[in-house]
Structure formats: structure tokens, C-alpha cells
1. Between rounded, prolate and oblate, where does the stretch 85-178 land on the alpha carbon gyration tensor, with a ≥ b ≥ c its root eigenvalues, rounded for a/c under 1.5, else prolate if a/b exceeds b/c?
2. Largest first, what is the accessible-area ranking of Lys170, Lys143, Lys22 with a 1.4 Å probe?
3. Please list Thr93, Thr100 in order of solvent-accessible area, largest first, computed with a 1.4 Å probe with all protein chains present.
4. Could you pull out every residue, at least 5 positions away or on a different chain, whose amide H is within less than 5 Å of the one on Ile116? Hs are placed 1.01 Å off N in the peptide plane, and Pro or chain starts have none.
5. What do you reckon, how do Glu118, Glu63 stack up by accessible area (1.4 Å probe), largest on top?
6. What does the net charge come to around His178 if you take all other residues with beta carbon closer than 14 Å to its beta carbon, with K and R at +1 and D and E at -1?
7. What is the set of long-range amide H partners of Ser28 at a cut-off below 5 Å, with H atoms built 1.01 Å from backbone N?
8. Figure the gain on full extension for His95 and Asp114 (residue separation times 0.36 nm, minus the Cα-Cα span) and round it to one decimal in nm.
Amino acid sequence: MGRTLWLALAVSGGCKLDWVEKYEDYDSPEKREAFFRNHVVDLHRDNMMFSGGLDPFVLHEIESSFVQGNFIACILLCQLVVEHCLANYFVLTEHESVCTKGFAKLIDKAREVDVIDEVMGTKLTALRLMRNPHVHPRFGAGKGTIIHRVIEQGLNYNELPVHDGIEAIKILGDYINHNS
């Protein structure tokens, strides 16, 4: 297991790490880099063109964060890219006002006008729910908190950022490859 992942996971000496084996395909920087390049985008190919709100520098930040095992950064950056791409779709259209109404409304509008299908809408909503506890200050075990996500997902507390970071990368890859 990669040192970075073990350090990220072994926050408390008393925690059980029996769930770690589930993530052996992502347990080193090399494995995470290969996954990103094969399933999201290989930023190191020649003649790459980006449009529709995709910024190669932000994609590089996501790849770097993923390779280093900064899983919460992956969640936040993946959501940022998708929200900007969706908003970009509506700029200079009759739906432009939705661009500043938040990610949930962008997803709903994109579904309404068939920019994305129901499956992609469900994935983007899952990405939004992964991100929310990290950007909105809510406390306790109520809806929208990290503890609520841990319970709802049935995960170990230390597993949640790893699980969600990997899932965020997968959703970003699906979005980019579905909408390119």
C-alpha cells in the first residue's frame, strides 16, 4: 500500500483499516496516475483541444491531487469542473440565468433540456452530495454533514474521503467522455 494513502487513512491509532484492501487498485501514485489517464483524460498527449468550460490547468490540478492522494481536493475540483462546464452550456442562451443558481439547479436544467441524461443527472447529484459537507458548514449528524454521509454510505469515517474522491474522479471521467 502506498505511503501517502496509509498516512491519510491511519489518522487515529485505534481505527481499523480492514476496509483498505477495497482500494488496492488506487494504493500508489503510479496506479492512480494510470487510472486517471486511462479513465478521465491523458493530459500528456499531443494536440489536445479543450472547450466548453474544460480548463486543462484545472484538469492537471485534479490529476495531481489524485496522484498525491488528496481525495477531498479531488471531490471539490471535479465538482468545480462539471459545474463550470454545465454553466458554460447555458451562457448566451435563454437559460443563462440558471448559471448562477447553484449546481443542483444546473443539473435540473441540463436534464430538462436534454444536455445530460437521467443516469448522468444521478451521477452529478451524487457528486454534489459528496461535495456539500466539505463546503457548507453543518454540524452534528444531520442531513448534509460528513457524519450523515458516513452513516448513509455505510463507510468507515476515514474511508469516506478516499471512497468519495475515487468516485468523483470516475464521475468526472464519465462526464467528460459522455459530453465530449
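1. On the way: a/c = 2.73, a/b = 1.75, b/c = 1.56.
Prolate shape, in that a/c is at least 1.5 and a/b is the bigger ratio.
2. On the way: Lys170 75, Lys143 175, Lys22 130 Å².
Sorted descending by solvent-accessible area, the residues read Lys143, Lys22, Lys170.
3. Details: Thr93 50, Thr100 125 Å².
Sorted descending by solvent-accessible area, the residues read Thr100, Thr93.
4. Amide H neighbours of Ile116, under 5 Å, 5+ apart: Arg111.
5. Numbers: Glu118 130, Glu63 5 Å².
The residues order as Glu118, Glu63, largest area first.
6. Values: positive: Arg111, Lys123, Lys170; negative: Asp114, Asp117, Glu118, Asp174.
After counting each charged neighbour, the total is -1.
7. Amide H neighbours of Ser28, under 5 Å, 5+ apart: Gly2.
8. The span from His95 to Asp114 would gain 5.5 nm if fully extended.
The values are calculated or read from the model by the stated rules, or taken from the named source; none is laboratory data. Note that the structure is predicted; figures quoted are calculated from it, not measured. Here the Cβ is made from the backbone with ideal geometry for all residues, glycine too, and neighbour counts use every protein chain on show. With ligands, DNA and RNA removed, areas are computed over all heavy atoms of the protein, side chains included. Shrake-Rupley method; radii C 1.70, N 1.55, O 1.52, S 1.80 Å.
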